[in-house]
Amino acid sequence: MTDLNALFLQMWVLDYQMGLFQKPYFQGLVQQGLLDAAGYKKVTGEDYVAPQA
């Protein structure tokens, strides 16, 4: 993980904890490839489950 990615992950954790963004926002980041499943779990505390089409 690059320093920039680590910085974004820390920022997203704080954003989630403060209630600025909810799980659907982070699910979208995973779907866009901007956040991986491990990062999603670190942010939300839950495993990422891809939405069913």
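Quick notes on this one:
- Selection status of residue 37, out of contact with any strand residue (DSSP E or B) (no Cβ under 6 Å at 6 or more places or on another chain) and modelled with pLDDT under 95: no
- Listed by position, the helices (runs of 4 or more DSSP H) enclosed by the chain include none that has at least 3 residues that are under 9 Å from the mean Cα position of the chain (by Cα) and hydroxyl-bearing (Ser, Thr, Tyr).
- If the condition is being farther than 15 Å from residue 49 by Cα, open to solvent by less than 100 Å² (accessible area, probe 1.4 Å) and among the aliphatic types (A, V, I, L, M), then the range 10-31 contributes 11, 13, 14.
- Near pairs, Cβ below 8 angstrom, 6+ apart or cross-chain, from the range 33-53 (surrounded by fewer than 17 Cβ atoms within 10 Å (Cβ to Cβ)) to any residue that is part of a loop (DSSP other than H, G, I, E, B): 37/47; 37/48; 41/47; 41/48
The values are calculated or read from the model by the stated rules, or taken from the named source; none is laboratory data. Worth saying up front: this structure is predicted, and the values here are computed from it rather than measured. Neighbour counts are summed over all protein chains in view; Cβ atoms, including those assigned to glycine, are modelled from backbone coordinates with ideal geometry. Note: areas computed on protein heavy atoms with side chains; ligands, DNA, RNA excluded. Shrake-Rupley method; radii C 1.70, N 1.55, O 1.52, S 1.80 Å.
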